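Colleague: Would you mind keeping the following structure in view while I ask a few things?
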Amino acid sequence: MSQNLKKLAMAKMSGFRHKTVAVPEWEGVEVVLREPSGEAWLRWQEVVKVGADDENVSVSEKAHRNLCADVVLFIDVLCDTDKQPVFSVDEDEQVREIYGPRSFPSAETGAGPH
């Protein structure tokens, strides 16, 4: 039993919660949504940069920062059914160009994140 437990604990993605969902907007294809990594959360915080100077930031800039931060998490959590990432961090700019509320399926409903 201990070898089996060790094998389960060492399996790919065992350290992350994940869920397989069908995405109606993508012709019903199934994807795996993985819990964001610690690195992605740190990148997200860096992009959002909420701080004391936030009151001087325009609404447009806040919206742009939020979009960029969403893309950071989207890239990190979207996996194929083999649990391999669909995008790499290097594809941030290309993903940002097409990203919108329907790009990120909710694990519960298949709808957008907000």
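Colleague: P(r) for region 2-98, please, calculated from all Cα pair distances in 5 Å bins and given in %.
Modeller: Once binned at 5 Å, the Cα pair distances of region 2-98 give 2, 12, 17, 19, 17, 13, 8, 6, 3, 1, 1, 0.
Colleague: GluC sites (Glu not before Pro), restricted to region 23-96: which are DSSP loop and have at most 15 other Cβ atoms within 10 Å?
Modeller: 27
Colleague: Within region 2-98, how many lysine pairs that are 8 or more places apart, or on different chains, have C-alpha atoms less than 21 Å apart?
Modeller: Total qualifying Lys-Lys pairs in region 2-98 comes to 6.
Colleague: Once you have the Cα-Cα distance between residue 14 and residue 42, take 0.36 nm times their residue separation minus that, and quote the gain in nm to one decimal.
Modeller: Full extension of this stretch gives 8.0 nm more.
Colleague: Over region 2-98, what relative contact order in percent results from Cα pairs under 8 Å that are six or more residues apart?
Modeller: Computed value for region 2-98: 25 percent relative contact order.
Colleague: Between residue 25 and residue 56, with labels modelled 7 Å along Cα→Cβ, what's the label distance in nm to one decimal, could you check?
Modeller: 3.6
Colleague: Using the crude model of +1 on Lys and Arg Cβ and -1 on Asp and Glu Cβ, and no other charge, please compute the dipole size for region 2-98 relative to its Cα centre, in debye to 20.
Modeller: 760
FYI, it's all coordinate maths here, none of it is from the lab. These numbers come from a predicted model, not from an experiment. Virtual Cβ from ideal backbone geometry, glycine too; neighbours counted across all protein chains shown.
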